[in-house]
Each structure stands twice: as C-alpha cells, then as structure tokens.
Amino acid sequence: MSTKKLLSPIRVGSTQLANRVFMAPLTRSRASQPGDIPTQLNADYYVQRSTAGLIISEATQISQQGQGYALTPGIYTDAQEAGWKNVVKHIHAAGGRIALQLWHVGRVSNRLLQADGQAPVAPSAIRAENTKSFVIQPDGTAANLPTDTPRALETSELPGIVADYTQAARRAIRAGFDLIEIHAANGYLLHQFLATNTNQRTDAYGGNKENRTRLLLEVVDAISAEVGADKVGVRLSPHFTLHDIQDAEAEAMGLYVAEQLNIRKVAYLHIAESDWAGSPAVPIEFRHALRKAFTGTLLYCGNYTAVKAEALIQSNLADAVAFGRPFIANPDLVARFTLDADLNTPDPSTFYGGDARGYTDYPTLKSVRDLAVQA
C-alpha cells in the first residue's frame with residue numbers, strides 16, 4: 001500500500017506539519033469536574049497521538065451557553081486555559097502540533113447545562129427533533145435527554161457571541177495552540193445560522209445566503225484580526241442531516257462560504273463527511289467545485305482508510321485527511337500507516353466519559369513487540 005503523499009510534509013497557513021494524517025476532533029467527555037477543565041489525563045491522551053501531522057482538539061465550548069454535553073472542556077475560564085496550557089506544553093515537548101476547535105452548540109443543548117436553567121439559544125426558536133444532549137442530572141446520574149426548545153437570539157446579542165469566540169481564540173493562543181478551528185458544522189450554532197430550516201430570521205442574519213453567512217464570517221474576521229488568518233481553520237459539513245438539519249441550499253451555501261474563506265485567506269477548510277452516519281455522500285462534482293472555490297489547504301474527514309485518503313490526496317481533491325475512530329484505538333496510527341500494520345479495533349463503550357480505560361491504554365506496535373520479547 002502506498003501512502004507516499006499522505007505521509008509527506010505540508011505547510012498549513014504559517015505552520016509546518018510533518019505529515020497529512022490529521023487527528024479529527026473527537027468528543028471524549030473526560031474533562032475534570034467541577035469546571036470542565038482539561039487534566040493531565042487529557043495531556044497523556046493527546047501526547048500519545050502527537051505524531052499526527054495536526055491534532056484537532058475535541059470540540060471546546062466558548063462559554064457555558066455554548067455547552068451541549070456534560071464533561072466536555074471549555075476555554076472561557078482561567079482554570080480551563082491553564083488546563084489546556086499544560087496539555088499543549090506536553091504535546092509540543094513531544095514534537096506535535098495542535099489546533100483548538102471552538103464550539104457553540106446553539107440549540108443542541110438542555111436546560112440542565114445552561115446557567116440558571118435557561119433555555120438554549122439558536123437563530124430561531126425551533127427545537128431539534130430526534131436530538132439528545134448528554135447531561136448530569138440533579139441526582140448525579142448521567143442521561144441522554146432530549147434537547148430543549150431554544151429561544152431565538154436577539155440581534156443585539158450577536159456581537160456578544162462574536163466576542164465569546166474572539167476571547168476563546170485569545171485564550172487558546174495564550175495557551176500555546178498552533179491553530180484555531182471554528183466549528184461551523186454538524187448542526188451546531190454557526191451551522192444553524194447557515195441552514196435554511198434552522199434559520200428563519202427576518203433581520204440581517206436571515207433570509208438569503210449572504211445574510212445567513214453573516215455571523216460565521218463575523219466570527220472568522222474577528223478571530224483572524226486577533227490571531228492572524230494564517231492560524232484559522234473552519235469546519236463545515238454541507239451534507240450533514242443529523243441534529244434535524246435540512247438545508248435546501250446546502251451545496252450552494254458550502255461553495256459560497258468556501259469562496260468567502262478563500263478571499264480571507266484562512267489556513268484551511270475542513271469538510272466533515274457523515275454518510276457513514278446516514279447523511280448523503282459528498283458528490284464528486286461538489287468536491288471539484290469546492291477545490292476550485294477554495295485554494296488553501298483542503299481537509300476531509302469521514303471514515304477514511306489510509307488507501308482512500310491517499311487516493312483522495314493523489315487526485316488533488318484534498319491536501320490532508322483527518323481520522324477519528326482509528327486514532328482513538330491507534331495512538332501510533334502514523335507508524336501503522338507507514339508500516340502497513342494492522343489496526344486495533346476501537347471499543348465504543350469507552351468513547352464517552354470514564355477514565356484511562358479505552359482512552360490511554362490502547363496498545364502501540366512498540367508495546368506489543370516489547371511484550372513479545374519479554375514472553
């Protein structure tokens with residue numbers, strides 16, 4: 001199996017990376033409580049995977065209002081910033097590079113996660129059907145509960161949302177992150193503004209695609225002014241239909257956003273595919289159009305193997321590929337791709353919450369060989 005291109009170096013914005021095997025953002029629900037603070041266990045987990053060309057961190061909420069799942073880390077308090085600084089310090093010591101993914105879930109939340117039990121917020125007061133939020137209930141038990149009906153954000157509140165993103169990016173750079181990824185995919189707040197069924201606004205942030213894109217681009221511009229566009233990536237998922245997203249203009253919007261990001265010269269565009277989870281597949285025609293619209297680093301993520309990733313990069317339709325579940329079970333995934341070695345199988349029962357089991361205890365090729373020698 002040839003992985004020549006996949007394993008070759010790449011420059012993303014102003015950051016030089018060792019290879020094009022990126023680690024996808026993966027929610028693992030292991031932030032310490034109270035306070036949703038990253039710990040040394042999180043640092044150990046990421047350090048094990050530091051041979052990835054770029055680690056994209058688990059989604060990290062920019063405010064309490066932006067949280068939709070219990071036990072996920074934030075980047076809006078001093079303690080959270082300090083926790084992340086420790087994580088990044090260890091990754092850099094191991095030679096790795098990491099981007100922090102900034103997250104506001106919007107309507108994909110429950111009152112139990114919101115300050116004073118308030119309703120979640122969204123572009124419009126439309127509940128996400130067939131969507132659940134992971135919470136810790138008042139009696140201390142964990143549960144997946146239906147999301148609550150959100151309230152529509154007032155126009156006057158939107159500068160505050162932009163400010164929360166900007167402050168989070170400022171904290172991230174202070175903590176040492178190499179890049180910032182703005183999460184505008186997977187049915188969360190910025191995606192809710194983009195999609196036709198979740199954005200029913202009649203102000204300057206609703207209606208045509210230019211208006212529906214306004215908030216995302218304000219966030220991109222504000223963060224770029226703060227940290228530099230060469231350190232900014234954006235994640236989109238135009239064909240995503242989970243979390244009750246039904247966008248009648250999904251591809252047109254995806255291409256429009258790509259064009260706008262190209263004008264702003266952001267470091268990379270990250271496309272999340274989710275056909276493996278029931279959403280439509282990304283058509284080849286759209287891939288070609290996207291490549292034409294965005295000339296920066298183009299990254300795809302979605303149930304790829306090394307062979308499929310190499311083929312996509314060789315076809316010039318992508319510059320890098322992110323791997324999710326393979327990185328969960330294979331901390332040395334880059335070495336395994338290099339040697340064409342077998343992969344460990346991930347254990348879904350340990351994906352969310354818990355301790356080191358299923359988090360930092362997957363065997364590496366070296367550990368397996370060491371055991372064989374001892375035997």
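Quick note: the coordinates plus some simple rules give every number you see, no bench work behind them. Remember, it's a predicted structure, so these values are computed and weren't measured experimentally. Cβ: placed from backbone, ideal geometry, glycine included. Neighbour counts: every protein chain shown.
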(request) Enumerate the residues in segment 240-272 having an amide nitrogen under 20 Å from the point lying 7 Å beyond the Cα of Ala225 toward its Cβ. (result) 260-267
(request) Loop only per DSSP, at most 11 neighbouring Cβ atoms within 10 Å: give me the GluC sites (Glu not before Pro) in segment 196-234, ordered by residue number. (result) none
(request) Could you go through segment 8-14 in sequence order and give the Karplus-derived ³J(HN,Hα) for each residue, using 6.51 cos²θ - 1.76 cosθ + 1.60 with θ = phi - 60°, rounded to whole Hz, and x for Gly and Pro? (result) 8, x, 8, 9, 10, x, 9
(request) Please give the residues of segment 209-248, grouped as numeric ranges, whose backbone N is less than 17 Å from a label point set 7 Å along the Cα-to-Cβ vector of Arg11. (result) 229-232
(request) Return P(r) of segment 21-76 (all Cα-Cα pairs; 10 Å bins starting at 0; whole %; ordered from short to long distances). (result) 24, 53, 22, 2
(request) Take the alpha carbon atoms of segment 1-123, find their radius of gyration, then divide it by 2.2 N^0.38 Å using N residues; give the quotient. (result) 1.18
(request) Would you mind checking the radius of gyration and Dmax of segment 326-369 based on alpha-carbon positions, in Å? (result) 10.7, 32
(request) Find out how many positive minus negative residues lie around Gly74, taking Lys and Arg as positive, Asp and Glu as negative, among other residues whose Cβ is under 15 Å from that of Gly74. (result) +1
(message) Given the options Pro348, Pro331, His239, identify the residue whose Cα lies farthest towards the positive end of the charge dipole of the chain (+1 on Cβ of Lys, Arg; -1 on Cβ of Asp, Glu).
(response) Pro331
(message) Just to confirm my numbers, what's the Cα centroid distance between segment 186-213 and segment 48-65 in Å?
(response) 26
(message) Can you tell me how segment 253-375 classifies by the Cα gyration tensor, rounded, prolate or oblate, using a/c under 1.5 as the rounded cut?
(response) prolate
(message) Assuming 0.36 nm per residue, please report the length gained on full extension of the stretch Ala281 to Leu343 beyond their Cα-Cα distance.
(response) 19.8 nm
(request) Provide the FRET efficiency to the nearest 0.05 for the Asp355-Asn197 pair, computing r from the beta carbons and using R0 = 41 Å. (result) 0.55
(request) Please work out whether segment 68-170 counts as rounded, prolate or oblate from its C-alpha gyration tensor, where a ≥ b ≥ c are the square roots of the eigenvalues and a/c under 1.5 means rounded, while otherwise a/b larger than b/c means prolate and anything else oblate? (result) oblate
(request) Over all directions, average the projected area of the Cα convex hull of segment 51-123 and note it in nm². (result) 5.5
(request) Jot down the per residue volume, in cubic angstrom and as a whole number, of the convex hull over the alpha-carbon atoms of segment 274-323. (result) 71
(request) Quote the relative contact order of segment 10-374 in percent (integer), defining contacts as alpha-carbon pairs under 8 Å separated by 6+ residues. (result) 16
(request) Averaging over all projection directions, find the projected area of the Cα convex hull of segment 139-182 and quote it in nm² with one decimal place. (result) 5.8
(message) Taking the Cα centre as origin and putting +1 on Lys and Arg beta-carbons and -1 on Asp and Glu beta-carbons, what dipole magnitude results for segment 209-260, to the nearest 20 debye?
(response) 80
(message) Please state the shape class of the chain: rounded when a/c is under 1.5, otherwise prolate if a/b exceeds b/c and oblate if not, all from the C-alpha gyration tensor.
(response) oblate
